[in-house]
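Before any comments, here is the structure.
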Amino acid sequence: PGAVTVVVVPDAPREAVDDTWVESAFVAAPVADPGALQAVRARLQTAWLVASEVFVRSAHYRPVALTVTVEGEALATSSVRAQISARMQHFLDPLRGGDRQQGWPFGEPLRPSVLVREAQGALGEAGTVVSVAITLLDTTESAQDCFDVRIGEHDLVTLRSVSVQLRRATANRPNQGGLR
């Protein structure tokens, strides 16, 4: 009671890739520097009540790796990998991601079913996303493809890698898609 924590996520470039794009300018997990935190703290200090405490901190990110399993007849390997990777990076983005495209919500668990939906959206009719396995890289827990992965109440995610495993669909194995 009487305490508020403000978590600062600075804006960072998110323009579409073009000929002038410098890849190193993209910051997947923007972190406020001490000067920015102090500026926010000073600004808030003019408005908070005397009896309250206000804490200002930078966002904490949980590093994530995804393994997407795709099944289809004739898949263009590099194209499929690039499309799925870009879609996952956008969807988990702390500034522009999430269902509302207003930034990944703080503490929002990673749901395999939602990630399958997003990967399928990137893939279109070219194949079927069978599963998406989620690994938090800062833990020793194994990859999870059936249950939600909790990241922490005040945390965000940063996507470190997307591995796409391609399998050819066969006539004797029905295309199962979705979660198992």
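Here are a few things to note about the model shown:
- Phe55 of a type in the set (Phe, Trp, Tyr) and under 19 Å from Val27 (Cβ atoms): no
- Where a residue in region 129-153 is of a type in the set (Asp, Glu) and its partner, wherever it lies, is open to solvent by 40 Å² or more (accessible area, probe 1.4 Å), with Cβ under 7 Å and at least six apart: Asp148/Arg111
- Qualifying residues in region 144-156 (those that are open to solvent by 50 Å² or more (accessible area, probe 1.4 Å) and among the hydrophobic types (A, V, I, L, M, F, W, C)) - the one nearest to Val68 (Cα to Cα): Cys146
- Subset of region 118-133 [open to solvent by less than 10 Å² (accessible area, probe 1.4 Å) and farther than 11 Å from Val70 by Cα]: none
- Residue match in region 136-143 (condition: in a loop (DSSP other than H, G, I, E, B), open to solvent by 10 Å² or more (accessible area, probe 1.4 Å) and under 24 Å from Arg14 (Cβ atoms)): yes
The values are calculated or read from the model by the stated rules, or taken from the named source; none is laboratory data. Note that the structure is predicted; figures quoted are calculated from it, not measured. Counting neighbours? That spans all protein chains shown, and the Cβs are built from the backbone with ideal geometry, glycine included. Protein only, heavy atoms only, side chains kept; ligands, DNA and RNA dropped before computing areas. Shrake-Rupley method; radii C 1.70, N 1.55, O 1.52, S 1.80 Å.
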